[in-house]
Amino acid sequence: MERSWNDHQPIYRQLRDRVAAMILDRTLSEGELLPSVRQVATDYRINPLTVMRAYQELSDEGLVDKRRGIGMYVTHGAAALLLQRERDSFLKEQWPEILKTIRRLGLSVRDLPDDGENG
């Protein structure tokens, strides 16, 4: 996980997003124990309350489950849930702007790279 933070968003939200990305990328597997609040706070030099808030958001979203005295685990189905949310968000928020740009530039489907490369 990246150790730097930006000033555009609260640190707890950035941490929440990073953990979510790790779940989506399968770096954190379903059923896997998250690092402890204390460990994350020490490793990233942030307040434990910040870590707790990020973990609480993940829990509120149903992505992690708290097991008293043991820790937080990635819930089963978390990756699928995140993937669906990310897709919905992309289609509602980002795609309309991308489509406007494509149309404004007069591009067609044939002009778009299909493999992520420029050519």
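Condition check ((1) touching a Phe, Trp or Tyr at 6+ places or on another chain (Cβ under 8 Å); (2) surrounded by 14 or more Cβ atoms within 10 Å (Cβ to Cβ); (3) under 26 Å from Trp5 (Cα atoms); (4) not hydrophobic (A, V, I, L, M, F, W, C)) across all residues:
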site: Asn47; (1), (2), (3), (4): no, no, yes, yes
site: Thr50; (1), (2), (3), (4): yes, yes, yes, yes
site: Tyr73; (1), (2), (3), (4): no, yes, yes, yes
site: Leu83; (1), (2), (3), (4): no, no, yes, no
site: Ser89; (1), (2), (3), (4): no, no, yes, yes
site: Ser108; (1), (2), (3), (4): no, no, no, yes
site: Leu112; (1), (2), (3), (4): no, no, no, no
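I'd like to verify a number: residues in the range 33-89 that are among the aromatic types (Phe, Trp, Tyr) and either in a helix (DSSP H, G or I) or under 16 Å from Gln14 (Cβ atoms) (or both), how many?
2
Among (1) over 16 Å from Ala20 (Cα atoms); (2) at pLDDT 95 or above; (3) surrounded by 10 or more Cβ atoms within 10 Å (Cβ to Cβ), there is one condition Glu93 misses while meeting the rest; what is its number?
Evaluating Glu93 over (1) over 16 Å from Ala20 (Cα atoms); (2) at pLDDT 95 or above; (3) surrounded by 10 or more Cβ atoms within 10 Å (Cβ to Cβ) leaves (3) as the failure.
The values are calculated or read from the model by the stated rules, or taken from the named source; none is laboratory data. Please read all numbers here as calculations on a predicted model, not as lab measurements. Every residue, glycine among them, receives a Cβ derived from its backbone with ideal geometry; neighbour counts consider all protein chains shown.
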